[in-house]
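Worksheet: the structure to be examined is printed underneath.
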């Protein structure tokens, strides 16, 4: 087949047509528009397609021109109006350019005047500030000198102080002369104002003495705050307050003592003068209440910033409230000391009268505690070095001394007249009375009030002052009992020695014969008596912690006397059986065995089997009860001590028999038949003695 060759241009168009996408939106829209007027697909129509499209485009343009003709006409009108406005503007510009030359002078003059006005305004402000910071107005000068004291006065005084402070700043600049002149002027105003304020405060303070519970006004508080900047003037006012309240308090105290309150209620304090404790307590209570009210008044008046939250006045006058509070404390103490100084003498005289009336021990002790409590309490409020506190401490010491003098007098009286020993060896009535009195004192001591700054006094001196004389009289009574026993023992011995044998027997030999039994009995009675007395004192004090040390000492004394009683009874029993010297001999030999060279014990005269057999027979008789009972200590009034004494005696006797038993059963001692001598073993003896 022959190949058809195409022209290059036609070939490119053909390729472009073939490469065209038939599904593109533009092509589809074009074909859709073409279908609206291209209805017949004929050769003629295809040949006229271009001309048809051009005719249609021309028709569309004619239609657009006809539609936009009204808008074109409107734009022409706008252009004409704009041209007219441009002409008007040109005319106005020409008019302005012609006027600018004539108004230039006016503008320059206006600018110059505005600058001068700004400078003048600044100068006016500077002058106003200077007058405000360095000058007083006529109204302020009038408030400082002529008007009554009111808020305007304090405002003017505040302004004076501010100006005075500003002048100090001015002195640091080159305006020193002006600063000095202004400072001198303000000082004159300030001193005059403070003197006037001081006179006014003194006059107001005089009125405070006319009423019992005056109220301090805000104006007076503010005036006092201001005066704190002048310590000398403030001191004058404080002294005036102190003097006025001093006289007022003295009158109130005397009235409370003698006349009572309004209408007789409350009743006069001296109505209870017969009751020392209430009398002194009422006076102290009145003073304590008065201190509280007077302290509040003085703080409100002299240091209002210390009790209120309004510290603005302190800052208002350039002060530090904390430093003012520390400075005001001595002032408050001084004023309160002066106020209550007048009540010291009448109070002291009445308390001394109470102490001179020799109250009972309990009352004097309660008075001492009450005065001590109020001494600490009032010292916390007034200060330790004030007149009233010194008076209270002196009276407390006097009451304390009175109490101890009463105790000493009571003890001396007991020692001058010691009691007799009862038949049943029971404690004397003085012991029971002393213990009962001591328990009351302990109850008072435990119930006493103690302030936060104080502490309870030591109670041991009271215990010693009350109980030591009682213990001494018990010991004196026991010694007297022993002396009487020795005299009765001698008289009985003399009666036993008749005229017929007075030459053959001496009194000393008879006394030696009977001395052991009677002497031991007398000494045992005295020891039992002392143990009963000490136990009667110790037992009630066991449950009281305040007497724990003294109770331990009493327990030690009881233990010593009980051990002595047991030792004496054991010695008496062993001596009665004839074993005492033998036990001592055996113990000495055992202790010095390496230094003694002697024969067996059985060959010694005092330790022979016959002698030892008689002694052990008597000992067995006492143990079994056939030759008399062992001591039962029935006169010991404390069951525990009675049982303890019995057990100790039994243990001592068992120990003594253990010594004899060991010596007899030892083969080196030469006893041929030990079982005939010691028929019972030590364990059997312990069983018999119920150990």
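Below, the figures for the structure above:
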| item | result |
| --- | --- |
| Förster-model FRET efficiency, 51 Å R0, residue 539 and residue 247, C-beta, rounded to 0.05 | 0.30 |
| Whole-Å distance, taken between Cα centres, linking region 607-666 and region 445-461 | 53 |
| Relative packing of 606-618, 641-653, 668-680, which averages over residues the other C-beta atoms within 10 Å, highest first | 641-653, 606-618, 668-680 |
| Degrees, to the nearest 10: 580-591 long Cα axis against longest axis of the chain | 60 |
| The chain: angle of helix 231-258 to the longest principal axis, Cα-based, in degrees nearest 10 | 50 |
| Residues 448, 244, sorted so that the one with the fewest Cβ neighbours within 10 Å comes first | 448, 244 |
| Cα gyration tensor shape for region 203-254, rounded if a/c is under 1.5, else prolate or oblate | oblate |
| Shape box of region 111-208 [Cα atoms, principal axes, largest first, Å] | 69, 27, 15 |
| Structure-based [θ]222 nm, the chain - -39500 (n - 2.57) summed over DSSP H runs of at least 4, per residue, nearest 500 | -26000 deg cm²/dmol |
| The chain shape via C-alpha gyration tensor axes, a/c threshold 1.5 | oblate |
| For region 234-293 versus region 163-224, the gap between their alpha-carbon centres in whole angstrom | 36 |
| Degrees between helix 609-624 axis and first principal axis of the chain (Cα, 0 to 90, nearest 10) | 50 |
| Stretch gain in nm, segment residue 18-residue 109, where the contour uses 0.36 nm per residue and the Cα spacing is subtracted | 24.0 nm |
| Estimated FRET transfer efficiency when R0 is 45 angstrom, pair residue 77-residue 29 (beta carbons, to 0.05) | 0.70 |
| Residues residue 67 and residue 47, FRET efficiency given R0 of 30 Å [Cβ-Cβ distance, rounded to 0.05] | 0.40 |
| Part-to-part distance (alpha-carbon centres) for region 519-594 and region 68-114, which is given in Å | 144 |
| Gyration tensor (alpha-carbon) shape descriptor, region 213-404, a/c threshold 1.5 | prolate |
| Among 102-115, 253-266, the order from most to least packed when residues are scored by Cβ within 10 Å on average | 253-266, 102-115 |
| Computed lengthening from residue 99 to residue 591, 0.36 nm per intervening residue step minus Cα-Cα distance | 161.7 nm |
| Highest average packing first - 528-539, 622-633, 86-97, 224-235, Cβ atoms within 10 Å | 528-539, 224-235, 622-633, 86-97 |
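Any read-out appearing in this document is the output of simple, stated calculations on the displayed coordinates, not a laboratory observation. These numbers were taken from a predicted model, which means no experiment stands behind them. Counting neighbours? That spans all protein chains shown, and the Cβs are built from the backbone with ideal geometry, glycine included.
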